Amino acid sequence: MSEIVSVKNLCKRYDELTVLDNISFSVQKGEVVVIVGPSGCGKSTLLRCLNGLEEIQDGRIFLDGEKIETNRNKTNGLCERMGMVFQSYDLFPHKTILQNLTLAPIIVKKRKRKEVEEEALALLERVGLSSKKDSYPRQLSGGQKQRVAIVRALIMHPEVLLLDEITAALDPEMVREVLDVVLNLAREGRTMLIVTHEMQFARAVADRMLFLEGGKIVEEGEPEEFFEHPKTERLRQFLQTFTYIKE
Amino acid sequence: MGFEVLFKGNNFIRLLGGLGLSLKISLLSVIISIVLGILVGLLMTAKNSYVKLLLRTYLEIVRIMPQMVLLFLVYFGVARAMGVHLSAEVSAVIVFSFWGTAEMADLVRGALTGIPAIQYESSRALGLTMVQTYRYVILPQIVRRMIPLSINLITRMIKTTSLVMMIGIVEVLKVGQQIIEANRKASPNAAFGVFATVLLLYFLACWPISCLARYLEKKWEN
Ligand SMILES: Nc1ncnc2c1ncn2[C@@H]1O[C@H](COP(=O)(O)OP(=O)(O)O)[C@@H](O)[C@H]1O
Ligand SMILES: [Mg+2]
């Protein structure tokens, strides 16, 4: 396996508040890395830095050996090689599902409409939504919208997918359909960086877990070890908040 | 019922001419308001708080002041105070544009600030440049929100143009009054027929515009 994402000494501050404090880690090609941590610990910020949505104060991020330019005004086209799906629904409300999918490939990658549409339809089929191609986002349920959002990221052929709590805003009965899509992508060998609060899903999908707290990676390890035998007290406490034991 | 006076001479044509003048004043004002309103609306979302304060004040003044006072102020006041002679029609267009620009600007501001940040971010995450983001994602959404609202503004303007007779412009309502005056003896009931007709004319001018607004609103609702 070769290294595809590499983060070196990443620091991110908002004025006085240090959100990411000297973070270093790397992701191998085909690896699924799941990031967990208490709310507000900087998980979203980390993904946003990787995708060039935030300026960073220190450190470097490499994609396939090339340095990612995180200055807002001069992206070097590397960021779009990482696909991102957000927690809140972010489809373009004035475009149909098919148009949502084909917009970026056509105008950013200058691909032919017909070819992109064929690919979009094939991808929609795979997530079970081909019947919705001419619907508008408002006509879809939350789970359906997130599946479309995943497809919209996929159709750009990203080398890495960044998923930021993509089921957090969903009604419980829709979580499954979205996670199944992600699980399938993992089986196909997609490289993914996933932030989630669904611990069982994390365990099932992850090759490696990262525990982020206070802007630092406090613990990392294989899922089995990570969940069964946490090494740090802080991770133990964090994992405990997800179990319900009658007192 | 007083409708017969409409068929005397060229009375009906004169009424239509009056309506045409109202429509002309509204249309000119609307075009100016849309252009200036978009610019001012963009300025309203600026970070500079002095600019914001200034524009808020402008908006409040326009909302508080009756249009009639503004009309008198511009037509009689400006001419006296500055020695500039403005024709009644120019004054009317200035006042309606002053009003319309404020209203449009507020619509543009509302539409702009109503677009969630995530729309910009997901466009960027997909690799769109800032210009492409505005061109394909933000502006189409703004236009969809704005067009029905601005059409409503047009109908409000057409109705409000009835005020311009106060500064001597012979628009449809004024023509109506003149017809009634002229036929006071022969047809004492002319008032009903004439005003009912004026009402109908306003309705015929505004109704299709309203329908269009409603149609677009339905079509584009998100
Ligand atoms: N634009 C911003 N300005 C200032 N502080 C921010 C901003 N965005 C996030 N933060 C702060 O950064 C911290 C990490 O936020 P976030 O990455 O969203 O956490 P998480 O996703 O782990 O819940 C929080 O304390 C949050 O308040
Ligand atoms: Mg978050």
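What pairs come out if I take residues in segment A:230-244 that are in contact (Cβ under 8 Å) with a residue 24 or more places away in the chain and pair them with residues that are of a type in the set (D, E, K, R) whose C-beta lies under 8 Å away, six or more apart or interchain?
Matching pairs, first to second residue: A:235/A:219; A:238/A:213.
Of everything in segment A:31-62 that's on the phi > 0 side of the Ramachandran plot and away from ligand 2 (no atom under 11 Å from the Cβ), which residue is nearest to the chain's Cα centre (by Cα)?
Filtering first and then ranking leaves A:52.
For segment B:102-138, enumerate the residues that are within 7 Å of another protein chain (Cβ to nearest Cβ) and of a type outside the set (Lys, Arg).
Within segment B:102-138, B:118, B:119, B:121, B:122, B:125, B:126, B:127, B:128, B:132, B:136, B:137 qualify.
Pull up segment A:53-66, narrow it to residues that are in a strand (DSSP E or B) and aliphatic (A, V, I, L, M), then point me to the one that is surrounded by the most Cβ atoms within 10 Å (Cβ to Cβ).
A:61
Of the residues A:131, A:88, A:24, which is open to solvent by 40 Å² or more (accessible area, probe 1.4 Å) and within 22 Å of residue B:137 (Cβ to Cβ)?
Only one candidate passes the filter, namely A:88.
Considering only residues that are within 14 Å of chain A (Cβ to nearest Cβ) and either open to solvent by 10 Å² or more (accessible area, probe 1.4 Å) or free of Cβ contacts under 8 Å to residues at least 24 places away in the same chain (or both), which ones fall in segment B:139-182?
Result: B:139, B:140, B:142, B:143, B:144, B:145, B:146, B:147.
If you scan segment A:184-218, which residues turn out to be assigned to a loop (DSSP other than H, G, I, E, B), open to solvent by 10 Å² or more (accessible area, probe 1.4 Å) and within 13 Å of ligand 1 (Cβ to nearest atom)?
Hits for segment A:184-218 are A:197, A:214.
Exactly one of (1) closer than 22 Å to residue A:91 by Cβ; (2) in contact with a strand residue (DSSP E or B) (Cβ under 6 Å, 6 or more places away or on another chain); (3) within 16 Å of ligand 2 (Cβ to nearest atom) is unmet by residue A:170. Its number?
The single condition residue A:170 does not satisfy is (2).
May I ask you to verify whether residue A:45 is touching a Lys or Arg at 6+ places or on another chain (Cβ under 8 Å), more than 12 Å from every other protein chain (Cβ to nearest Cβ) and among the β-branched types (Val, Ile, Thr)? Give the steps one after another, and end with the answer.
Working: touching a Lys or Arg at 6+ places or on another chain (Cβ under 8 Å): yes; more than 12 Å from every other protein chain (Cβ to nearest Cβ): yes; among the β-branched types (Val, Ile, Thr): yes.
Criteria met by residue A:45.
Which ranges mark the helices (runs of 4 or more DSSP H) fully within segment B:1-91 that have 1 or more residues being over 20 Å from the mean Cα position of the chain (by Cα) and over 19 Å from residue B:157 (Cα atoms)?
Working: elements: B:11-44, B:49-64, B:67-72, B:79-82.
Passing ranges, in order: B:11-44, B:49-64, B:79-82.
What pairs can you find where one residue is in segment A:23-52 and part of a loop (DSSP other than H, G, I, E, B), the other is within 9 Å of ligand 2 (Cβ to nearest atom), and their Cβ atoms are less than 7 Å apart, with a gap of 6+ or different chains?
A:37/A:43
The values are calculated or read from the model by the stated rules, or taken from the named source; none is laboratory data. What you see is a predicted model, and the numbers here were worked out from it, not measured in a lab. In this analysis, Cβ positions are derived from the backbone assuming ideal geometry, glycine residues included, and neighbour counts consider all displayed protein chains. For accessibility, only protein heavy atoms count, side chains too; no ligands or nucleic acids. Shrake-Rupley method; radii C 1.70, N 1.55, O 1.52, S 1.80 Å.
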